[in-house]
1. Quote the charge dipole size of the stretch 690-791 about the Cα centre in Debye, to the nearest 20; the model charges only the Cβ of Lys and Arg (+1) and of Asp and Glu (-1).
2. Can you work out ³J(HN,Hα) from phi for every residue in the stretch 479-495, in order, using Karplus 6.51 cos²θ - 1.76 cosθ + 1.60 and θ = phi - 60°, giving whole Hz and x for Gly and Pro?
3. Setting aside same-chain residues fewer than 8 positions from K414, which lysines have a Cα under 19 Å from its Cα?
4. Under 17 Å between alpha carbons, and skipping anything fewer than 8 positions from K427 in its own chain: which lysines qualify?
5. Any idea which of I574, Q126, N147 is furthest toward the positive side of the dipole for the chain, if Lys and Arg beta-carbons carry +1 and Asp and Glu beta-carbons -1?
6. Would you calculate a helix-derived [θ] at 222 nm for the chain, using -39,500 (n - 2.57) for each DSSP H run of n ≥ 4 and dividing by the full residue count, to the nearest 500?
7. Please give the FRET efficiency for A581 paired with H807, using the beta carbon to beta carbon distance and R0 = 60 Å, rounded to the nearest 0.05.
8. With everything on Cα atoms, drop me the angle between helix 80-114 and the longest principal axis of the chain, reported from 0 to 90° to the nearest 10.
Amino acid sequence: MNPIINHWSLSEEELLQRLNSKSMGLDPAKAQGVLLEHGPNRLSESVQSSPIHLFFRQFKNNITIILLFATVVSLILGDYLDSLIIFSIIIASAVLSFFQEYNAGNATKKLMEVVEIKVTALRGNQPVELPVAEVVPGDIILLSSGNIIPADGRIVESNSLSIDESMLTGESFPVEKKVGILPEKVSLSDRTNSLWMGTHVISGSGRYLVVNTGVDTEFGRIANTLNITEPENDFEIGVRKFGTMLMEVTVFILLFVFIINLYLQKPPLDSLIFSLSLAVGLTPQLLPAIISINLSHGAKLMADKKVIVKKLSSIEDFGTMNLLCSDKTGTITTGNVVVQGCTDLSGQESEWALLASYINSSFQTGYVNPIDEAILAKASFDLSGYEKRGEIPYNLIDKRLGIVTTTPTTSLFKGETVLLVKGAVKKVLEVTSQYMDSSGEVSPIEGVKEQLEAQFASFSAKGYRTLAVAYAQTQEADPSEKDLTLMGLLTFVDPLKDGVIDTVSELREKGVELKVITGDNRLVAENIARQLSLEGSRVLTGEDLLKMNEPALIRSIEEVSVFAEIEPNQKERIILACKKAGNTVGYMGDGINDAAAIHAANVGISVNTAADVAKEAADIVLLENNLDVLSGGITYGRKTFSNTMKYVFMATSSNFGNMFSMAGASLMLPFLPLKPTQILLENLLTDFPEMQIAKDNVDENSLDQPTKWDLGFIRRFMVVFGLLSSIFDYATFGVLLLFFNANETLFQTGWFTESIISATCIVFVIRTRGPFYKSKPARGLVLATLLIIGAVFALPYTGLGSLLGLHPMPVAVILSLMGIVLLYVISGEIAKKFFYQQEENRRRSLSQTRKTQYKDV
């Protein structure tokens, strides 16, 4: 079926007929047929889910492709044995990587199902919850505040429905949607009877008929035209730059060795395959697989702590996060809001104001929230004489919610139709001209504004959240909010969660600073700051932000821990300023107005009970709205980052050193220091223990503070430990040639053995910053290392070893090589101590320089 391109200009009946649907929704069986015809409601099919694609992706490395080509050339020229061995090693490496990545992908997919976004659709006139991917043309979708719009379609019912279409049109203000038919030639932003995939409901409720899904939607067409890709996060940028750096080194060595070998008149084909094998040994082929395995394992561990990771690469940023911004409700406080009191301006309890707020909360149809739940729990009134006539939904600009209702003659309102409003005190007072005292008398509000402000300040200083309640007589179902009469003030208390003070302290010890971003007024925010021991820092208000330019805001980030009276559109600005100040920022929110800030943060965090749009924007979803859960997740994020870096350090130390040594040796020796098949087998065997890194133990001192991806640090590590590895490689050359007068076979067997054993043993030095004997490695890593060492010693005594050119060595040679490995490990331990001392001095110097620059600014 072709997409319907002008659905806004067609009648509802014609659309239902063309979609073969009904106003009560599709029949379940028919919906399955439509899903098979149109496919899942996605912008593109994920080919990565195919095992075949995943297997062939293991060969996407350019050097591997060239090596396969060289193998084919070798086969054509009649070198069948070497061709077969090289091909077998390449396939074995690909299979090993494939199974590890495939298992990791399956585990991640199961975790993602836990926090999958779902929508409510009518199927056979019954509401059912569906994953977004299963929405099909002809579905009737039920909407309420916070819901995402899963596909393009037409409004069939609207109850003050307002939609945020900013991601599609760029318009920041919500658009009111209504039922109707529009001309065919009308711009997208003016199609007020239509909804678009990727937008979301701000307020109100309604139903709409799905017309186009997936790539046939407006957003799908834009995405295909622009080839939209998700921006890289800090970790992905670091990995890409690291890979680029190693590739540059690899290409230089490859070309240098190949050209020099040709100059020395060595066989061109042997020189080519040797150079390519050398490049394979240096290139971190397993880096993508190692990262996938590490991240998947980290995601499973974090899931055990009730932290679900939607975007795997965000785990690394989660671990490196040093700044956490959060709203207070439900995160720092319990979220179980309780009505503290409902008073008039004299401070007396007001039953009338409580009744008005109860009616307002009972009849509102917007987003379910703790405020309304608290009001309904506080009292119980008989509303049998009241009938709802209209609703003015809450929105993020006016911060008020109004209900139009008839009233019984026995009520305070004596049978009149009234507009009952509750909302933020300042916003309600903007449309209020009178107030009602305890006797029911109405007077101008001007004379009591100072008294009202003092009362509001007193409540706020105690930490109470305060709302105003007002009314006006009206005959309209959709009246304008003006000339209201203030009835009283509602106060709410939301106590701190048990243990949250300890959790905030624990986060601080982990190097994560908490910043509270709240819409509450300054006095309430200061009360929270005192309870969390944040009172030493400044409180910045939304009004202050309006007066500040970007450089001033960035400079103030370090000394401000509480942002109060913040408008929804200011949250994103605060997050961006925190990032520009050099922080890795996490933002935790669960509301409609948090989505932009969640998306802007390095790590967007939400909860499973959040509004759809907030959960969709998040990288990480907590199954419990609890900072303690978050703290445990940070620890596992740092473990994952630490284990990923271990592989990086291995790839840039022994591998780099060995390949550098091999390049030099090939220029000095009359024969190749290792055959291409031996290099590739060495690469495969050293990869095997490194696959166990994901489950390795991590030292506690590596989890104390966030650590960012630092390419300069990696480069310095590569130079120091790569050169150290080369020194002992050349020592091996000297022993084999000078003491044992080694021929080609003994030299290659000896260095093959020493190279693999030294590379696997140095892992235990590199994996910890402290003495290696004080850090317990994971059992799997130890067993894999012992298995590889045993295989290396046994290989020369097997038929495969003979095919590879490896033969048994004299005991004296073996003992000498083991002595070199022992000296290498001891030297590595000493070099590590001095290296980290120098890095700590460098860090302190840079920190002091930055502080000086900051003061100068």
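The values are calculated or read from the model by the stated rules, or taken from the named source; none is laboratory data. Every value quoted in this text rests on a predicted model; they were computed, and no experiment measured them. Because the Cβ atoms are built from the backbone with ideal geometry, glycine has one as well, and the counts that use them run over all protein chains shown. Remember, those area values only see protein heavy atoms, side chains included, never the ligands or the DNA or RNA. Shrake-Rupley method; radii C 1.70, N 1.55, O 1.52, S 1.80 Å.
1. Numbers: 9 positive and 9 negative charges, 59 e Å.
With Lys and Arg at +1 and Asp and Glu at -1, about 280 debye.
2. Listing the rounded values in order: x, 7, 8, 7, 6, 6, 10, 6, 9, x, 10, 9, 10, 10, 10, 10, x Hz.
3. K388
4. Result set, ordered by chain and number: K399, K449, K482.
5. Positive-most Cα among the choices belongs to I574.
6. Value at 222 nm, helices only, nearest 500: -16000 deg cm²/dmol.
7. Details: r = 62 Å, r/R0 = 1.03.
Here the calculated transfer efficiency is 0.45.
8. With both axes taken from Cα atoms, the answer is about 20 degrees.
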